[in-house]
1. Scan the stretch 248-276 residue by residue and report those that are more than 15 Å from the chain's Cα centre (by Cα), buried (at least 20 other Cβ atoms within 10 Å of the Cβ) and either among the aliphatic types (A, V, I, L, M) or assigned to a helix (DSSP H, G or I) (or both).
2. Quick test of your reading of the structure: ARG321 fulfils all but one of (1) within 30 Å of THR389 (Cβ to Cβ); (2) not in a helix (DSSP H, G or I). Name the failing condition by number.
3. Count, please, the residues in the stretch 49-71 that happen to be of a type in the set (A, V, I, L, M) and surrounded by 14 or more Cβ atoms within 10 Å (Cβ to Cβ).
4. Could you list all residues from the stretch 3-48 that are of a type outside the set (D, E, K, R), surrounded by 13 or more Cβ atoms within 10 Å (Cβ to Cβ), under 30 Å from ALA171 (Cα atoms) and in contact (Cβ under 8 Å) with a residue 60 or more places away in the chain?
5. Hey, ALA120 hits all of (1) at pLDDT 75 or above; (2) touching an Asp or Glu at 6+ places or on another chain (Cβ under 8 Å) but one; which does it fall short on?
6. Give me the pairs: first residue in the stretch 219-233 and among the β-branched types (Val, Ile, Thr), second residue assigned to a loop (DSSP other than H, G, I, E, B), beta-carbon distance under 9 Å, and six or more apart or on different chains, which are they?
7. With the requirement that a residue be surrounded by 11 or more Cβ atoms within 10 Å (Cβ to Cβ), in a loop (DSSP other than H, G, I, E, B) and out of contact with any Phe, Trp or Tyr (no Cβ under 7 Å at 6 or more places or on another chain), what does the stretch 277-291 give you?
8. Does the stretch 294-307 contain at least one residue that is surrounded by 12 or more Cβ atoms within 10 Å (Cβ to Cβ), in contact (Cβ under 8 Å) with a residue 40 or more places away in the chain, not hydroxyl-bearing (Ser, Thr, Tyr) and not in a helix (DSSP H, G or I)?
Amino acid sequence: MGAIVWPGSAQFIAGRRVLGAIVMTLVAGFGITCAVLWFMYQPSRSDLINAVTSGPALGIARWAFVGVVAAWLLLFIDAWRLATIPNMGIMRKLGVSLLSVVVIAGASGVGFVGWTTASASKKVVESVFTATVEKPPLEGRYNILLVGADSGKGRTGMRPDSMNVVSIDAATGVPVMISLPRNLQKVPFVDGSPMQQIYPYGYNCGTECLLNAVHTAASNRADLYPDSVDPGMSATIDAVEGVTGLSINYHIVVNMKGFSKLVDAIGGVEMDIDKPIAMFGKEDSWKNEYIPAGKQRLDGRQALWYGRSRYGADDYSRMGRQKCLLRAIANQATPQTVLLKASGIAESSADMLSTDIPATELGAFGDLALKSRNQPMATLSIVPPLYSTVNPNFEQIRSDIADLIAKSEREAVLREQAKRTTATPKPSKPAPSATPSPSESSGTTNNTDDLDSLC
(Lines give C-alpha, C1' and ligand atoms only; values in the text may rest on other atoms or scores of the structure.)
Protein backbone atom coordinates (compact mmCIF):
# COMPACT_ATOMS: atom_id res chain seq x y z
CA MET A 1 0.00 0.00 0.00
CA GLY A 2 2.93 2.32 0.64
CA ALA A 3 3.86 2.19 -3.05
CA ILE A 4 0.35 3.39 -3.90
CA VAL A 5 0.04 6.18 -1.32
CA TRP A 6 3.62 7.47 -1.46
CA PRO A 7 5.85 5.96 -4.18
CA GLY A 8 9.25 5.03 -2.77
CA SER A 9 8.04 4.41 0.77
CA ALA A 10 7.86 0.63 0.23
CA GLN A 11 11.50 0.55 -0.88
CA PHE A 12 12.52 2.73 2.07
CA ILE A 13 10.76 0.45 4.59
CA ALA A 14 12.11 -2.73 2.96
CA GLY A 15 15.72 -1.58 3.30
CA ARG A 16 16.43 0.06 -0.05
CA ARG A 17 16.67 3.38 1.73
CA VAL A 18 18.67 5.36 -0.84
CA LEU A 19 16.28 4.58 -3.71
CA GLY A 20 13.26 5.04 -1.48
CA ALA A 21 14.48 8.37 -0.11
CA ILE A 22 15.23 9.73 -3.60
CA VAL A 23 11.81 8.79 -4.98
CA MET A 24 9.93 10.02 -1.89
CA THR A 25 11.81 13.33 -2.03
CA LEU A 26 11.02 13.79 -5.73
CA VAL A 27 7.33 13.05 -5.17
CA ALA A 28 7.08 15.35 -2.16
CA GLY A 29 9.03 18.08 -3.94
CA PHE A 30 6.75 17.89 -6.97
CA GLY A 31 3.65 18.14 -4.80
CA ILE A 32 5.00 21.07 -2.80
CA THR A 33 6.11 22.89 -5.97
CA CYS A 34 2.66 22.49 -7.52
CA ALA A 35 0.99 23.76 -4.35
CA VAL A 36 3.29 26.79 -4.11
CA LEU A 37 2.78 27.68 -7.78
CA TRP A 38 -0.99 27.29 -7.39
CA PHE A 39 -1.19 29.65 -4.42
CA MET A 40 1.26 32.12 -5.97
CA TYR A 41 -0.51 32.47 -9.32
CA GLN A 42 -4.02 31.15 -8.55
CA PRO A 43 -4.83 30.42 -12.20
CA SER A 44 -8.39 30.98 -13.37
CA ARG A 45 -10.49 28.25 -14.94
CA SER A 46 -9.85 29.73 -18.39
CA ASP A 47 -6.08 29.67 -17.72
CA LEU A 48 -6.29 25.98 -16.81
CA ILE A 49 -8.32 25.18 -19.93
CA ASN A 50 -5.79 27.06 -22.06
CA ALA A 51 -3.01 25.04 -20.46
CA VAL A 52 -4.63 21.68 -21.23
CA THR A 53 -5.60 22.68 -24.80
CA SER A 54 -2.21 23.95 -25.91
CA GLY A 55 -0.86 21.77 -28.73
CA PRO A 56 2.81 21.85 -27.63
CA ALA A 57 1.83 21.38 -23.97
CA LEU A 58 -0.34 18.39 -24.86
CA GLY A 59 2.51 16.85 -26.84
CA ILE A 60 4.84 17.15 -23.85
CA ALA A 61 2.17 16.14 -21.35
CA ARG A 62 1.31 12.83 -22.99
CA TRP A 63 4.94 11.66 -22.98
CA ALA A 64 5.49 12.96 -19.45
CA PHE A 65 2.34 11.19 -18.28
CA VAL A 66 3.39 7.89 -19.84
CA GLY A 67 6.86 8.28 -18.33
CA VAL A 68 5.48 8.90 -14.84
CA VAL A 69 3.07 5.95 -15.09
CA ALA A 70 5.86 3.66 -16.36
CA ALA A 71 8.20 4.72 -13.54
CA TRP A 72 5.47 4.21 -10.96
CA LEU A 73 4.71 0.74 -12.36
CA LEU A 74 8.39 -0.24 -12.10
CA LEU A 75 8.47 0.97 -8.50
CA PHE A 76 5.29 -0.92 -7.71
CA ILE A 77 6.59 -4.14 -9.28
CA ASP A 78 9.78 -3.75 -7.25
CA ALA A 79 7.68 -3.18 -4.11
CA TRP A 80 5.71 -6.34 -4.90
CA ARG A 81 8.98 -8.27 -5.25
CA LEU A 82 10.18 -6.97 -1.89
CA ALA A 83 6.83 -7.77 -0.25
CA THR A 84 6.78 -11.43 -1.34
CA ILE A 85 9.53 -12.59 1.04
CA PRO A 86 10.37 -16.34 1.01
CA ASN A 87 8.80 -17.20 4.39
CA MET A 88 5.50 -15.45 3.59
CA GLY A 89 2.45 -17.71 3.70
CA ILE A 90 0.87 -18.85 0.46
CA MET A 91 -2.42 -17.01 1.11
CA ARG A 92 -0.64 -13.77 1.88
CA LYS A 93 1.50 -14.11 -1.24
CA LEU A 94 -1.66 -14.73 -3.26
CA GLY A 95 -3.36 -11.67 -1.76
CA VAL A 96 -0.38 -9.40 -2.42
CA SER A 97 -0.08 -10.74 -5.97
CA LEU A 98 -3.77 -10.21 -6.73
CA LEU A 99 -3.63 -6.66 -5.36
CA SER A 100 -0.56 -6.01 -7.50
CA VAL A 101 -2.28 -7.28 -10.64
CA VAL A 102 -5.32 -5.07 -9.98
CA VAL A 103 -3.19 -1.99 -9.33
CA ILE A 104 -0.99 -2.60 -12.37
CA ALA A 105 -4.05 -3.08 -14.59
CA GLY A 106 -5.61 0.10 -13.19
CA ALA A 107 -2.44 2.12 -13.68
CA SER A 108 -2.08 0.80 -17.23
CA GLY A 109 -5.68 1.82 -17.93
CA VAL A 110 -5.08 5.29 -16.53
CA GLY A 111 -1.97 5.58 -18.68
CA PHE A 112 -3.89 4.53 -21.78
CA VAL A 113 -6.71 7.01 -21.10
CA GLY A 114 -4.22 9.79 -20.43
CA TRP A 115 -2.32 9.09 -23.65
CA THR A 116 -5.43 8.86 -25.85
CA THR A 117 -7.01 11.95 -24.28
CA ALA A 118 -3.88 14.07 -24.76
CA SER A 119 -3.32 12.74 -28.30
CA ALA A 120 -6.95 13.30 -29.31
CA SER A 121 -7.01 16.81 -27.87
CA LYS A 122 -3.74 17.65 -29.61
CA LYS A 123 -5.16 16.45 -32.93
CA VAL A 124 -8.26 18.64 -32.63
CA VAL A 125 -6.34 21.73 -31.53
CA GLU A 126 -3.79 21.45 -34.33
CA SER A 127 -6.23 20.54 -37.12
CA VAL A 128 -9.29 22.67 -36.28
CA PHE A 129 -8.18 25.70 -34.27
CA THR A 130 -5.48 26.89 -36.65
CA ALA A 131 -6.42 30.59 -36.75
CA THR A 132 -4.12 33.06 -35.01
CA VAL A 133 -6.10 36.32 -34.82
CA GLU A 134 -7.86 36.98 -31.51
CA LYS A 135 -10.94 39.21 -31.52
CA PRO A 136 -11.97 40.81 -28.22
CA PRO A 137 -15.61 40.87 -27.07
CA LEU A 138 -17.68 43.66 -28.59
CA GLU A 139 -19.68 45.72 -26.09
CA GLY A 140 -19.09 43.00 -23.54
CA ARG A 141 -20.34 40.14 -25.75
CA TYR A 142 -18.97 37.46 -28.03
CA ASN A 143 -21.13 36.94 -31.13
CA ILE A 144 -20.54 33.55 -32.76
CA LEU A 145 -22.09 32.53 -36.08
CA LEU A 146 -22.96 28.81 -36.20
CA VAL A 147 -23.47 27.46 -39.71
CA GLY A 148 -24.83 24.00 -40.43
CA ALA A 149 -23.45 23.17 -43.87
CA ASP A 150 -24.43 20.52 -46.36
CA SER A 151 -22.66 20.53 -49.71
CA GLY A 152 -24.41 17.38 -50.79
CA LYS A 153 -25.39 15.79 -54.08
CA GLY A 154 -26.98 18.14 -56.59
CA ARG A 155 -25.84 21.30 -54.79
CA THR A 156 -23.47 23.92 -56.15
CA GLY A 157 -21.06 25.11 -53.48
CA MET A 158 -21.94 25.22 -49.82
CA ARG A 159 -25.58 25.97 -49.05
CA PRO A 160 -26.02 26.45 -45.30
CA ASP A 161 -28.95 24.47 -43.92
CA SER A 162 -29.03 26.49 -40.72
CA MET A 163 -27.62 29.77 -39.44
CA ASN A 164 -27.67 30.77 -35.78
CA VAL A 165 -25.94 33.61 -34.00
CA VAL A 166 -25.10 32.85 -30.37
CA SER A 167 -24.45 36.07 -28.45
CA ILE A 168 -22.71 35.37 -25.13
CA ASP A 169 -22.16 37.77 -22.26
CA ALA A 170 -18.38 37.75 -21.82
CA ALA A 171 -18.66 38.15 -18.03
CA THR A 172 -21.57 35.88 -17.05
CA GLY A 173 -21.78 33.41 -19.94
CA VAL A 174 -25.52 34.09 -20.37
CA PRO A 175 -26.34 33.18 -24.00
CA VAL A 176 -28.91 34.45 -26.48
CA MET A 177 -29.54 32.58 -29.75
CA ILE A 178 -30.77 34.27 -32.92
CA SER A 179 -31.93 31.93 -35.69
CA LEU A 180 -32.01 33.13 -39.28
CA PRO A 181 -34.08 31.32 -41.93
CA ARG A 182 -32.16 30.21 -44.97
CA ASN A 183 -34.86 31.62 -47.28
CA LEU A 184 -34.59 35.20 -46.00
CA GLN A 185 -34.69 37.58 -48.98
CA LYS A 186 -33.29 41.04 -49.73
CA VAL A 187 -30.69 40.75 -46.97
CA PRO A 188 -28.60 43.91 -46.54
CA PHE A 189 -24.83 43.81 -46.22
CA VAL A 190 -23.15 45.65 -43.38
CA ASP A 191 -21.79 49.10 -44.17
CA GLY A 192 -18.36 48.89 -45.75
CA SER A 193 -18.88 45.38 -47.11
CA PRO A 194 -17.54 44.76 -50.64
CA MET A 195 -20.86 43.04 -51.41
CA GLN A 196 -22.70 46.24 -50.54
CA GLN A 197 -21.06 47.90 -53.53
CA ILE A 198 -22.60 45.26 -55.80
CA TYR A 199 -25.94 45.05 -53.97
CA PRO A 200 -26.49 48.52 -52.46
CA TYR A 201 -30.20 47.76 -51.90
CA GLY A 202 -29.67 44.31 -50.44
CA TYR A 203 -29.18 40.90 -52.01
CA ASN A 204 -32.25 41.30 -54.19
CA CYS A 205 -32.63 39.37 -57.43
CA GLY A 206 -35.75 37.33 -56.81
CA THR A 207 -36.34 33.99 -55.12
CA GLU A 208 -32.83 32.76 -55.94
CA CYS A 209 -31.15 35.49 -53.88
CA LEU A 210 -31.66 34.00 -50.44
CA LEU A 211 -29.49 34.31 -47.35
CA ASN A 212 -28.12 30.79 -47.77
CA ALA A 213 -27.11 31.56 -51.38
CA VAL A 214 -24.74 34.38 -50.40
CA HIS A 215 -21.86 31.96 -49.78
CA THR A 216 -22.13 30.46 -53.26
CA ALA A 217 -22.47 33.89 -54.89
CA ALA A 218 -19.23 35.13 -53.32
CA SER A 219 -17.25 31.89 -53.07
CA ASN A 220 -15.05 32.77 -56.07
CA ARG A 221 -14.83 36.51 -55.41
CA ALA A 222 -11.29 36.73 -54.10
CA ASP A 223 -11.21 40.13 -55.80
CA LEU A 224 -13.74 41.36 -53.24
CA TYR A 225 -12.12 39.66 -50.25
CA PRO A 226 -8.40 39.41 -51.11
CA ASP A 227 -7.36 38.69 -47.51
CA SER A 228 -9.97 36.00 -46.88
CA VAL A 229 -9.36 32.26 -47.17
CA ASP A 230 -13.12 31.82 -47.71
CA PRO A 231 -14.71 34.80 -49.52
CA GLY A 232 -18.11 33.10 -49.40
CA MET A 233 -18.03 32.90 -45.61
CA SER A 234 -16.80 36.50 -45.35
CA ALA A 235 -19.75 37.63 -47.47
CA THR A 236 -22.15 35.53 -45.39
CA ILE A 237 -20.86 37.16 -42.21
CA ASP A 238 -21.33 40.59 -43.79
CA ALA A 239 -24.94 39.65 -44.57
CA VAL A 240 -25.61 38.29 -41.07
CA GLU A 241 -24.18 41.47 -39.55
CA GLY A 242 -26.39 43.55 -41.83
CA VAL A 243 -29.50 41.59 -40.82
CA THR A 244 -28.89 41.39 -37.06
CA GLY A 245 -26.98 44.58 -36.31
CA LEU A 246 -24.45 42.44 -34.41
CA SER A 247 -20.73 42.35 -35.18
CA ILE A 248 -19.58 38.74 -35.52
CA ASN A 249 -16.42 37.79 -33.62
CA TYR A 250 -16.01 34.27 -34.93
CA HIS A 251 -17.79 31.62 -36.96
CA ILE A 252 -18.08 27.84 -36.69
CA VAL A 253 -19.10 25.68 -39.65
CA VAL A 254 -20.55 22.28 -38.77
CA ASN A 255 -20.50 19.63 -41.48
CA MET A 256 -23.81 17.82 -41.08
CA LYS A 257 -22.38 14.40 -41.94
CA GLY A 258 -19.67 14.77 -39.32
CA PHE A 259 -22.31 15.89 -36.83
CA SER A 260 -23.81 12.41 -36.67
CA LYS A 261 -20.37 11.00 -35.80
CA LEU A 262 -20.11 13.42 -32.88
CA VAL A 263 -23.46 12.31 -31.46
CA ASP A 264 -22.38 8.67 -31.72
CA ALA A 265 -19.04 9.54 -30.09
CA ILE A 266 -20.72 10.96 -26.97
CA GLY A 267 -23.05 7.97 -26.72
CA GLY A 268 -26.17 9.58 -28.19
CA VAL A 269 -28.31 12.49 -27.06
CA GLU A 270 -31.54 12.40 -25.05
CA MET A 271 -34.48 14.32 -26.53
CA ASP A 272 -38.13 14.68 -25.54
CA ILE A 273 -39.97 14.39 -28.87
CA ASP A 274 -43.53 15.71 -28.98
CA LYS A 275 -44.55 13.96 -32.21
CA PRO A 276 -42.98 11.38 -34.57
CA ILE A 277 -40.23 12.75 -36.83
CA ALA A 278 -39.97 11.37 -40.37
CA MET A 279 -36.60 9.87 -41.30
CA PHE A 280 -37.16 10.25 -45.03
CA GLY A 281 -37.91 12.88 -47.65
CA LYS A 282 -40.28 13.17 -50.58
CA GLU A 283 -38.10 11.02 -52.81
CA ASP A 284 -37.88 8.09 -50.39
CA SER A 285 -41.18 8.35 -48.53
CA TRP A 286 -41.67 4.62 -49.12
CA LYS A 287 -39.28 4.00 -46.20
CA ASN A 288 -41.98 5.11 -43.76
CA GLU A 289 -39.44 5.26 -40.90
CA TYR A 290 -40.01 7.57 -37.94
CA ILE A 291 -38.38 8.62 -34.71
CA PRO A 292 -41.15 7.81 -32.20
CA ALA A 293 -42.61 10.42 -29.87
CA GLY A 294 -41.57 10.52 -26.22
CA LYS A 295 -38.23 10.58 -24.46
CA GLN A 296 -35.64 8.98 -26.70
CA ARG A 297 -31.88 8.55 -26.79
CA LEU A 298 -31.02 9.36 -30.39
CA ASP A 299 -27.99 7.94 -32.14
CA GLY A 300 -26.08 9.98 -34.72
CA ARG A 301 -28.30 9.05 -37.67
CA GLN A 302 -31.50 9.77 -35.75
CA ALA A 303 -30.15 13.07 -34.39
CA LEU A 304 -29.26 14.16 -37.92
CA TRP A 305 -32.79 13.43 -39.11
CA TYR A 306 -34.25 15.13 -36.05
CA GLY A 307 -32.41 18.31 -36.97
CA ARG A 308 -32.99 18.14 -40.73
CA SER A 309 -36.34 16.47 -41.39
CA ARG A 310 -38.92 18.62 -43.18
CA TYR A 311 -41.37 15.92 -44.24
CA GLY A 312 -44.77 16.90 -42.85
CA ALA A 313 -43.24 20.08 -41.39
CA ASP A 314 -41.59 23.28 -42.57
CA ASP A 315 -38.27 25.09 -42.27
CA TYR A 316 -39.42 27.01 -39.23
CA SER A 317 -40.39 24.04 -37.07
CA ARG A 318 -37.11 22.45 -38.13
CA MET A 319 -35.25 25.53 -36.89
CA GLY A 320 -36.85 25.05 -33.49
CA ARG A 321 -35.73 21.41 -33.37
CA GLN A 322 -32.20 22.36 -34.36
CA LYS A 323 -31.92 24.79 -31.46
CA CYS A 324 -33.19 22.18 -29.01
CA LEU A 325 -30.72 19.65 -30.37
CA LEU A 326 -27.75 22.00 -30.05
CA ARG A 327 -28.74 22.90 -26.50
CA ALA A 328 -29.20 19.24 -25.53
CA ILE A 329 -25.76 18.27 -26.83
CA ALA A 330 -24.14 21.20 -25.00
CA ASN A 331 -25.87 20.22 -21.75
CA GLN A 332 -25.23 16.49 -22.02
CA ALA A 333 -21.60 16.57 -23.19
CA THR A 334 -20.29 16.69 -19.62
CA PRO A 335 -16.56 16.96 -18.83
CA GLN A 336 -16.66 13.30 -17.74
CA THR A 337 -18.13 12.26 -21.10
CA VAL A 338 -15.58 14.32 -23.00
CA LEU A 339 -12.72 12.80 -20.99
CA LEU A 340 -13.81 9.17 -21.34
CA LYS A 341 -14.69 9.45 -25.03
CA ALA A 342 -12.05 11.94 -26.09
CA SER A 343 -10.68 9.87 -28.97
CA GLY A 344 -14.04 9.46 -30.73
CA ILE A 345 -15.02 13.06 -30.07
CA ALA A 346 -11.71 14.28 -31.47
CA GLU A 347 -12.03 12.18 -34.61
CA SER A 348 -15.57 13.40 -35.30
CA SER A 349 -14.72 17.02 -34.42
CA ALA A 350 -11.78 17.10 -36.81
CA ASP A 351 -14.09 15.93 -39.62
CA MET A 352 -17.04 18.07 -38.55
CA LEU A 353 -15.74 21.52 -37.61
CA SER A 354 -14.03 24.42 -39.29
CA THR A 355 -13.66 27.73 -37.50
CA ASP A 356 -11.65 30.92 -37.19
CA ILE A 357 -11.50 30.66 -33.39
CA PRO A 358 -7.80 30.49 -32.45
CA ALA A 359 -6.53 27.89 -29.99
CA THR A 360 -5.53 30.70 -27.63
CA GLU A 361 -9.23 31.51 -27.12
CA LEU A 362 -10.21 27.99 -26.07
CA GLY A 363 -9.71 28.82 -22.41
CA ALA A 364 -12.08 31.78 -22.53
CA PHE A 365 -14.75 29.91 -24.50
CA GLY A 366 -14.39 26.76 -22.42
CA ASP A 367 -14.99 28.82 -19.30
CA LEU A 368 -18.00 30.55 -20.88
CA ALA A 369 -19.43 27.19 -22.00
CA LEU A 370 -19.28 25.88 -18.43
CA LYS A 371 -20.90 29.07 -17.11
CA SER A 372 -23.70 28.94 -19.68
CA ARG A 373 -24.73 25.37 -18.76
CA ASN A 374 -26.70 26.65 -15.76
CA GLN A 375 -28.07 29.75 -17.46
CA PRO A 376 -31.37 30.08 -19.37
CA MET A 377 -30.95 30.68 -23.09
CA ALA A 378 -33.31 33.21 -24.65
CA THR A 379 -33.99 32.64 -28.35
CA LEU A 380 -35.45 34.55 -31.25
CA SER A 381 -36.21 33.16 -34.71
CA ILE A 382 -36.75 35.50 -37.64
CA VAL A 383 -39.73 33.57 -38.99
CA PRO A 384 -43.39 34.20 -39.89
CA PRO A 385 -45.85 35.36 -38.75
CA LEU A 386 -43.91 37.97 -36.78
CA TYR A 387 -41.38 38.49 -39.56
CA SER A 388 -41.79 38.29 -43.31
CA THR A 389 -39.05 36.41 -45.12
CA VAL A 390 -39.99 37.93 -48.50
CA ASN A 391 -40.15 41.61 -47.50
CA PRO A 392 -38.43 41.72 -44.11
CA ASN A 393 -38.48 44.79 -41.91
CA PHE A 394 -34.80 44.77 -41.00
CA GLU A 395 -35.10 47.76 -38.68
CA GLN A 396 -37.65 45.83 -36.61
CA ILE A 397 -35.45 42.72 -36.66
CA ARG A 398 -32.42 44.61 -35.39
CA SER A 399 -34.49 46.42 -32.76
CA ASP A 400 -36.04 43.17 -31.47
CA ILE A 401 -32.62 41.50 -31.27
CA ALA A 402 -31.21 44.44 -29.31
CA ASP A 403 -34.24 44.39 -26.98
CA LEU A 404 -33.89 40.65 -26.36
CA ILE A 405 -30.19 40.96 -25.51
CA ALA A 406 -30.89 43.91 -23.19
CA LYS A 407 -33.65 41.92 -21.48
CA SER A 408 -31.36 38.92 -21.09
CA GLU A 409 -28.71 41.10 -19.45
CA ARG A 410 -31.26 42.68 -17.07
CA GLU A 411 -32.59 39.31 -15.98
CA ALA A 412 -29.05 38.00 -15.47
CA VAL A 413 -28.50 40.86 -13.01
CA LEU A 414 -31.78 40.02 -11.24
CA ARG A 415 -30.80 36.35 -10.93
CA GLU A 416 -27.43 37.31 -9.48
CA GLN A 417 -29.11 39.64 -6.97
CA ALA A 418 -31.53 36.86 -6.05
CA LYS A 419 -28.63 34.53 -5.27
CA ARG A 420 -27.19 37.10 -2.90
CA THR A 421 -30.45 38.02 -1.17
CA THR A 422 -32.27 34.64 -1.54
CA ALA A 423 -35.22 36.61 -2.89
CA THR A 424 -37.16 35.55 -5.95
CA PRO A 425 -36.60 37.99 -8.81
CA LYS A 426 -39.56 39.32 -10.70
CA PRO A 427 -39.21 38.88 -14.46
CA SER A 428 -38.77 42.12 -16.31
CA LYS A 429 -41.63 43.18 -18.54
CA PRO A 430 -41.00 44.19 -22.14
CA ALA A 431 -41.76 47.77 -22.99
CA PRO A 432 -45.20 48.14 -24.61
CA SER A 433 -45.18 48.57 -28.36
CA ALA A 434 -47.52 48.36 -31.31
CA THR A 435 -45.77 45.20 -32.48
CA PRO A 436 -45.91 42.21 -30.13
CA SER A 437 -42.58 41.12 -28.71
CA PRO A 438 -41.21 37.75 -29.87
CA SER A 439 -42.23 36.09 -26.61
CA GLU A 440 -45.81 37.35 -26.99
CA SER A 441 -46.43 36.27 -30.57
CA SER A 442 -48.74 33.27 -30.69
CA GLY A 443 -47.22 31.85 -33.84
CA THR A 444 -43.55 31.95 -32.95
CA THR A 445 -42.98 28.70 -31.09
CA ASN A 446 -39.27 29.16 -31.84
CA ASN A 447 -39.08 32.13 -29.46
CA THR A 448 -38.68 31.82 -25.71
CA ASP A 449 -36.89 33.35 -22.75
CA ASP A 450 -35.64 29.89 -21.72
CA LEU A 451 -34.89 27.34 -24.44
CA ASP A 452 -34.73 24.44 -21.96
CA SER A 453 -38.36 25.02 -20.97
CA LEU A 454 -39.43 24.93 -24.63
CA CYS A 455 -37.52 21.75 -25.43
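1. ILE248, MET271
2. (2)
3. Just the residues of the stretch 49-71 that are of a type in the set (A, V, I, L, M), to begin with: 49, 51-52, 57-58, 60-61, 64, 66, 68-71.
When the remaining residues are screened for being surrounded by 14 or more Cβ atoms within 10 Å (Cβ to Cβ), the result is 49, 52, 57-58, 61, 66, 68-69.
Residues flagged as of a type in the set (A, V, I, L, M) and surrounded by 14 or more Cβ atoms within 10 Å (Cβ to Cβ) within the stretch 49-71 amount to 8.
4. Initial filter on the stretch 3-48 (of a type outside the set (D, E, K, R)): 3-15, 18-44, 46, 48.
Going one step further and asking which of them are surrounded by 13 or more Cβ atoms within 10 Å (Cβ to Cβ), we end up with 3-4, 6-14, 19-24, 26-27, 43, 46, 48.
Subsequent filtering for residues that are under 30 Å from ALA171 (Cα atoms) retains 43, 46, 48.
Across the stretch 3-48, the qualifying residues are SER46, LEU48.
5. (1)
6. The qualifying pairs are VAL229/ASP356.
7. ASP284
8. No, there is no match, as no residue in the stretch 294-307 is surrounded by 12 or more Cβ atoms within 10 Å (Cβ to Cβ), in contact (Cβ under 8 Å) with a residue 40 or more places away in the chain, not hydroxyl-bearing (Ser, Thr, Tyr) and not in a helix (DSSP H, G or I).
The values are calculated or read from the model by the stated rules, or taken from the named source; none is laboratory data. Treat the numbers as computed from the prediction; the structure is a model and nothing was measured. A quick note on method: Cβ atoms are made from the backbone with ideal geometry, for glycine too, and the neighbour counts reach across all protein chains shown.
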